[in-house]
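Accompanying notes for the structure given below.
The values are calculated or read from the model by the stated rules, or taken from the named source; none is laboratory data. This one's a predicted model, so the numbers in the text were calculated from it and none came from an experiment. Note that we place each Cβ from the backbone using ideal geometry, even for glycine, and neighbour counts take in every protein chain shown. Accessible surface areas use protein heavy atoms only, side chains included; no ligands, DNA or RNA. Shrake-Rupley method; radii C 1.70, N 1.55, O 1.52, S 1.80 Å.
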Amino acid sequence: MLNFLKKFRKAKESSVELIDKIKEIKSREVPEHIAIIMDGNGRWANKRALPRIAGHHEGMKVVRKMTKLSNELGVKALTLYAFSTENWKRPKLEVDYLMKLPEEFLETFLPELIQENVQVRIMGDKTRLPDHTLQAVEQAIQKTKQNDGLVLNFALNYGSRAEIMEAVKTVAAEIEEGSLKSSALDEDMFSKFLMSGSLKDPDLLIRTSGEIRLSNFMLWQLAYTEFWFTDVLWPDFKEEHLVQAIAEYQHRGRRFGGI
Ligand code: FPP
């Protein structure tokens, strides 16, 4: 039996319903790649008269929970929007804290991720990341690169337009030097030049906190993705919400432009 289910069995009775729902979604096709715009940390903290960074800290714990559940469900990749190229505009204290979060997360949970066969990756412009952030992430990537369970992909200093622009420049340079023929270029090949590389396009996108926009996130990769929006703030996001999102996804008819 799933470790996760075992744990829930021991938990309070209200979890019985959740266990049933988990079993139900597991019996159908689970999305292979889920992408999440984790939003609402600041509002969560404001509501409690706490500093915004308290919301980010709470949000980090939710990252752990969603990683565990996704892995148990057999999801192959979970991409999390942790820091956008626009987030540098925030107050220095908040930016500094957000840059410490990956370290804090990995210091605490890397052994667990290794044990659970999770592979850590990042996508984004690494050049502007502080050394301490980059080192922590690179170390996690190294230590988990042999794992073949869930890919936990952090979008860190990520912006989709910049990603597409960089890919276009690389393609143009390769065409110019003669290593690539423009006639050979197609959508599949172009996708490989993006930071998501070989990752399949997300099947399901979740955005929390009631905002209904993409905020420069995976604009190319989300072309045929199913979207699921919720008013729940990220620190309040629970297993039952992910299960609900997946259950609704499973009832959608994906036609990819066909009939
Ligand atoms: C958006 O909420 C959230 C972020 C910019 C940061 C997201 C980061 C985490 C959830 C933690 C990441 C954890 C790891 C391990 C890297 P907001 O601050 O814009 O919220 P608001 O819209 O309510 O102000």
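Some points to look at:
- For beta carbons closer than 8 Å, sequence separation of 6+ or different chains, a first residue in segment 113-128 that is at positive phi and a second that is polar (S, T, N, Q), the qualifying pairs are Asn117/Asn71; Asn117/Asn147; Gly124/Thr85; Gly124/Asn157.
- Reported count of residues in segment 128-164, each being of a type in the set (S, T, N, Q) and in contact with a Phe, Trp or Tyr (Cβ under 8 Å, 6 or more places away or on another chain), is 2.
- Qualifying positions in segment 138-150 - surrounded by fewer than 22 Cβ atoms within 10 Å (Cβ to Cβ) and either assigned to a loop (DSSP other than H, G, I, E, B) or among the aliphatic types (A, V, I, L, M) (or both): Ile141, Lys145, Gln146, Asn147, Asp148, Gly149
- When segment 160-179 is filtered for residues that are open to solvent by less than 20 Å² (accessible area, probe 1.4 Å) and either touching a helix residue (DSSP H, G or I) at 6+ places or on another chain (Cβ under 9 Å) or at pLDDT below 95 (or both), the ones remaining, listed by number, are Ala167, Val171.
- Selection count, segment 183-208, where residues are more than 16 Å from the chain's Cα centre (by Cα) and not aliphatic (A, V, I, L, M): 8
- Residues of segment 207-249 classified as in a loop (DSSP other than H, G, I, E, B), of a type in the set (Val, Ile, Thr) and open to solvent by less than 40 Å² (accessible area, probe 1.4 Å), total: 4
- Every residue from segment 18-75 that is part of a helix (DSSP H, G or I), out of contact with any Leu (no Cβ under 7 Å at 6 or more places or on another chain), more than 10 Å from the ligand (Cβ to nearest atom) and farther than 22 Å from Val151 by Cβ: Leu18, Asp20, Lys21, Lys23, Glu24, Ala54
- Of all positions in segment 101-116, none carries a residue that is within 13 Å of the ligand (Cβ to nearest atom), modelled with pLDDT of 95 or more, farther than 18 Å from Ala136 by Cβ and over 13 Å from the mean Cα position of the chain (by Cα).
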